[in-house]
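Please read the structure below before turning to the comments.
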Amino acid sequence: MLRSVPLWFHTFALNRDQGVYTPGKARDHGYRLASIPDSFVGTSVLDVGTFDGFYSFLAEKRGAARVLAIDNEQYVHWVRHRWGIELSGGEGFRAIHRALRSKVEYRRMDALEIADTEERYDFIFCFGILHRVENPLGLLRALAGVLSEGGRILIETYGILGDAGGEDGALRVPNPGAVYTNDHFVHWQFSSSAIENLAAFTDGLSFDVHAMPLVDGHPRIIGTISSPRRPKQIAVETSQVGK
């Protein structure tokens with residue numbers, strides 16, 4: 001199975017006792033785990049930009065009733081530019097899906113297309129995606145549109161060095177290839193207040209920062225965009241008013 005996938009992005013433990021793991025490029029992503037719920041029991045989960053599907057399968061393992069993993073597979077171009085390796089798209093996901101006999105559903109689709117669907121989700125993963133899309137506000141609006149009442153979007157994205165959580169709303173555009181060598185797909189660097197402002201433009205949602213770690217010299221932001229629980233409207237019959 002390991003050799004059937006030209007490049008593994010996520011690292012999966014295939015046999016911990018024997019020390020067998022997929023040779024994933026994302027070996028430094030453990031800092032995300034503290035922000036992920038221990039239980040997804042009974043919830044509906046959407047994983048945006050799933051790649052090999054690590055977080056989809058984690059949510060399923062932790063009890064999610066329904067998991068949809070989506071990816072437009074543009075990472076094929078990213079992998080070719082950065083590592084010179086050719087992928088067809090979805091190889092890693094399918095290999096793990098078979099190994100786990102998973103029920104996670106995979107769709108090859110752009111995240112913006114999710115707005116045209118009717119299903120709603122209690123929890124949405126949006127890891128490593130916001131800084132790579134051309135329209136981050138459009139993406140957040142699309143995700144908010146399929147979020148259940150009281151639901152959450154867990155965001156992880158590229159940050160700005162020295163971000164102290166102020167109100168400057170800084171948003172930077174790095175030179176192509178300046179963030180990662182041979183990676184021309186990092187379009188934005190966000191301050192925490194910039195994400196908070198984007199959330200406010202998205203139906204007035206709120207953003208709470210969990211952590212702003214420095215990972216191998218790169219600033220990251222992890223936080224939750226929340227959909228408020230709106231009070232139920234109590235219907236009053238006109239004929240009863242004033243009696």
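The values are calculated or read from the model by the stated rules, or taken from the named source; none is laboratory data. In this text the structure is predicted, and so the values were computed from the model without any measurement. For neighbour counting, all protein chains shown are included, and Cβ atoms are generated from backbone atoms with ideal geometry for every residue, glycine included.
Would you please name the residue that is modelled with the highest pLDDT, looking only at residues in region 206-243 that are among the aliphatic types (A, V, I, L, M) and loosely packed, with under 12 Cβ neighbours inside 10 Å? Across region 206-243, the extreme among qualifying residues is LEU214.
Residues in region 68-77 that are touching a Lys or Arg at 6+ places or on another chain (Cβ under 8 Å) and not small (Gly, Ala, Ser) were compared, and the one that is surrounded by the fewest Cβ atoms within 10 Å (Cβ to Cβ) is ASN72.
When region 26-45 is filtered for residues that are within 25 Å of ILE85 (Cα to Cα) and surrounded by 15 or more Cβ atoms within 10 Å (Cβ to Cβ), the ones remaining, listed by number, are ALA26, HIS29. Criterion applied to LEU112, LEU87, LEU130 was being surrounded by 18 or more Cβ atoms within 10 Å (Cβ to Cβ) and under 14 Å from the mean Cα position of the chain (by Cα), and the one residue passing it is LEU130.
Go through the residues of region 56-76 one by one and say whether even a single one is within 16 Å of the chain's Cα centre (by Cα), in a strand (DSSP E or B) and hydroxyl-bearing (Ser, Thr, Tyr). The answer is no; no qualifying residue exists.
Of the candidates ARG98, ARG94, ARG80, the single residue that is in a helix (DSSP H, G or I), surrounded by fewer than 19 Cβ atoms within 10 Å (Cβ to Cβ), among the basic types (Lys, Arg) and in contact with a strand residue (DSSP E or B) (Cβ under 8 Å, 6 or more places away or on another chain) is ARG94. Could you tell me whether region 147-159 includes any residue that is of a type in the set (D, E, K, R), free of Cβ contacts under 8 Å to residues at least 12 places away in the same chain and loosely packed, with under 14 Cβ neighbours inside 10 Å? No, region 147-159 contains no residue that is of a type in the set (D, E, K, R), free of Cβ contacts under 8 Å to residues at least 12 places away in the same chain and loosely packed, with under 14 Cβ neighbours inside 10 Å. Tallying residues that are buried (at least 17 other Cβ atoms within 10 Å of the Cβ) and closer than 23 Å to ARG152 by Cα within region 169-196 yields 9. Only one of the listed residues (ARG16, ARG62) is over 17 Å from ALA99 (Cβ atoms) and surrounded by fewer than 24 Cβ atoms within 10 Å (Cβ to Cβ). That residue is ARG62. Here SER39 passes the criteria (1) closer than 12 Å to PHE125 by Cβ; (2) outside any helix (DSSP H, G or I); (3) of a type in the set (S, T, N, Q) except the one numbered (1).
Applying the condition of being modelled with pLDDT of 90 or more and among the β-branched types (Val, Ile, Thr) to region 153-201 and asking which residue is nearest to the chain's Cα centre (by Cα) yields ILE155. GLY30 passes every criterion in (1) closer than 17 Å to PHE125 by Cα; (2) touching a helix residue (DSSP H, G or I) at 6+ places or on another chain (Cβ under 7 Å) apart from (2). Annotation note: Cβ proximity below 9 Å between a residue of region 73-89 that is closer than 22 Å to ALA178 by Cβ and touching a residue at least 60 places away in the same chain (Cβ under 8 Å) and a residue that is of a type in the set (Ser, Thr, Tyr) and not in a helix (DSSP H, G or I) (sequence gap 6+ or interchain) occurs for ARG82/TYR180; ARG82/THR181.
Scanning region 1-36 for residues being closer than 15 Å to PHE51 by Cβ and among the hydrophobic types (A, V, I, L, M, F, W, C) gives a total of 6.
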